[in-house]
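Following: one structure in structure tokens, then a few remarks.
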Amino acid sequence: MSALPSSALPSAHPPGHGAAPGLGFDVGSTAGRALAALLRWTERAAGLVLAIDVLVVFASVVFRYFLHEPFDWAEEVARALMVVLVFLGAATVLARSQHVGIDLFRGFFPAAWQPALIQFGSWIIVGVSASLFLSSCALLVDSYDMTTPIGMPQWIYVYPVVIGSLFMTMFGCANALNGPRHTVWRTLAVGVGLVLLVTAWNHLLPALAVKPWMLLTIGFVGGLVLGVPIAFVLALSSLVFFMADPSLPMLVYSQQVMAGMDHFVLLAIPFFVLAGLLMESNGMSARLIELLLRLFGRVRGGLGLITITATAFFSGVSGSKLADIAAVGGIIMPAVRKTKQDPNETAGLLACTAVMAETIPPCINMIIMGFVANISIAGLFMAGLVPAVVLAASLAAVTIYVGTRIDPDEAFDVKTPMLRLLGGALVALLMVAMIGKGVTSGVATSTEVSAFAVMYALVVGGLAFRELSLRSVAKLFMRSASMAGGIMFIVAAASSVSFALTIQQIPQYLSAFMIDFAHSFGSTMFVMLSVLIMIVFGAVLEGAPALIIFGPLLTPIAAQLGVNPLHFGTVMVIAMGLGLFAPPLGLGLFATCAITGTEVKNVARPMMKYLAVLFVTLVVLVLVPAFSLWLPTRMGL
């Protein structure tokens, strides 16, 4: 699950007439100005919660390992703060129309239909948000007499869902009402009419009632076709399922959404995103890439090799592939244009380096895969390193073959003194080494290591380069909170879908089919089929939800067939990345083009040779498990 930088997030609902830049609603009215003020305070609150959460986890680690006085309450408090962070962050992303979605399918409809389809999608977002609010209110009432294992009231986890879903409903309504008046009310009438029609049909004709699983499927497919953001597509699918099943009280809906994010290990996601943004903002990223350009720019294919190296390096810090692309692309692309290279070629390679780097620790999708499939995250981190090197070598070979030499002097208007460049690279390398050592040694969890990474980038990077002000740091925390909210709300919504699929016994049916397939064609062909499934659904579901849905379904089957979970998890994550960045559906490719200032239609052709090499290499990785298992075996993981 990768997150888009706020500057590159595609808009699920483009701002209408009168909308302020970056907002989906009009701020010309009193209500609009009040909502804009609410948005500003919500962003500040989310950034503050993220800062407090980092301090709680960091202080807990320090007291546990250095003072031997652990905080028994730290993990529960950190998890509660994460629920606040996710729902406030998700609300701010919705207010700015920046939730991740795919509008490709909507393009198949006539142009005259487009405004109505977009408007209808906006009302779906409102309906989902309002339903989540009502469900969470019922859950709040039900949880008032409950306590957590350490005696804290259970409602501390529920209140953020109530408040965040209320804010999402308000922002969603403001976005929806900002369209043309006749379109707004007609699409609302159609939506209400459809709900009443299905409800009446199921009530009056129970023998012919539309089954919950059918509504789930219709909601999922319909949401995708309308271009609704993927988080709300997933939330809609589970919502209509819960509404159609009378045996399920509606409070279970919000309970399952909340349960999807209430895990300490997932805190590593916002922390690593924040660490990567801090590294980019304090100048560590720019210095490293400038150093690489000046040292290796004159080598044949040097610009491509530097792109590969830089993406691999930053993947070891932020964990978010699209954050890595933003960091690398923001520095590489100006150099590409100044040296008169083809920006479409570089953009295609940059997207493919993100696939290559999917398994480089501390990749967010590896954390998600380990969490949902119950695989050792430290083991996955180590299992992904050698495959990443093999993928990088494959891309490098193609880059050298098709690449040219450049004059690095043309890439910079002003050169940084070499000593300062070397110092900046050393500070950055120490950060990567600290993360790697922390993860592999087992001394700290990935969440604890990520908190250390944030403090290192903030304190050491800030002191070394002095490019961060208090104001810029505050903005980074707010931006990280929004990005994390967008990522984690997808995880939360996918959790509710997984619950619905489990009730329908889909895992059992899939398990039976896949086991029969494996018995007929062997375990290797089972892994190959799983890889193809992940490539397809990695594109359709924006990556992380595909892992959340299929990871826990397929991993136990793989284990039954004798496939090592570390090997299986590694190739699944790579396959998901291949789908996420491959044309024509891959959302990661659209984001890459937005970051690099290119167009998908121009990038797709030069990109195909890199994708072909990645696919062939992935097949080799599937056929030779030793690539994934060599390092974990040596380290006893």
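Here, each number is a calculation from the coordinates, and none is a lab measurement. This structure is a prediction, so every number in the text was calculated from the model and none was measured. Heads up, the Cβs are rebuilt from the backbone with ideal geometry, glycines too, and the neighbour counts pull from every protein chain shown.
What's the ranking of 359-366, 531-538 by average number of surrounding C-beta atoms within 10 Å, highest first? Can you show the working numbers first?
Numbers: 359-366: 28.1, 531-538: 21.4.
Highest-to-lowest ranking by the protection proxy: 359-366, 531-538.
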| query | What is the packing order of peptides 155-168, 110-123, taking the mean over residues of other C-beta atoms within 10 Å and listing the highest first? | reply | 155-168, 110-123
| So which of K340/K601; K415/K601; K338/K475 end up more than 23 Å apart by C-alpha? | K415/K601; K338/K475
| said: Please list 3J(HN,Hα) in residue order for the range 486-503, calculated via the Karplus relation 6.51 cos²θ - 1.76 cosθ + 1.60 where θ = phi - 60°; whole Hz, with x for glycine and proline. | reply: x, 5, 6, 5, 5, 4, 5, 5, 5, 4, 5, 5, 4, 4, 5, 5, 5, 4
| field | Relative contact order [Cα under 8 Å, 6+ residues apart], the chain, whole percent | value | 20
| request: Using per-residue counts of other Cβ atoms within 10 Å, averaged over each peptide, order 256-264, 514-522, 270-278, 338-346 from highest down. | output: 270-278, 256-264, 338-346, 514-522
| field | Top positive-direction residue, dipole computed over the chain with Cβ charges, set G191, T592, S495 | value | T592
| query | So who's got an amide H within less than 5 Å of the one on A209, skipping anything under 5 residues away but keeping other chains? H placed 1.01 Å off N, in plane. | reply | none
| remark: Output for the range 449-521: trypsin sites (Lys or Arg not before Pro) sitting in coil per DSSP, at most 13 other Cβ within 10 Å, listed by number, reads R466
| Cα centroid separation, the range 229-282 to the range 132-163 (Å) | 16
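Roughly speaking, what is the stretch gain from L429 to H182, that is 0.36 nm per residue apart minus the C-alpha to C-alpha distance, in nm to one decimal?
Roughly 83.2 nm would be gained on extension.
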| message | Name the residue from I156, V84, I306 whose Cα lies farthest towards the positive end of the charge dipole of the chain, charges +1 on Cβ of Lys and Arg and -1 on Cβ of Asp and Glu. | response | I306
| request: Note the listed values (1) 25.8, 92; (2) 23.9, 79; (3) 27.8, 102, then indicate which one is Rg and Dmax of the Cα atoms in Å calculated from this particular structure. | output: (2)
| field | J(HN,Hα) series, the range 186-200, from Karplus relation 6.51 cos²θ - 1.76 cosθ + 1.60, nearest Hz, glycine and proline x | value | 5, 5, 5, 4, 5, x, 4, x, 5, 4, 5, 5, 5, 4, 5
| Each residue of the range 598-606 in turn: what ³J(HN,Hα) in whole Hz from Karplus with 6.51, -1.76, 1.60 and θ = phi - 60°, glycine and Pro shown as x? | 10, 10, 4, 4, 8, 8, 4, 5, x
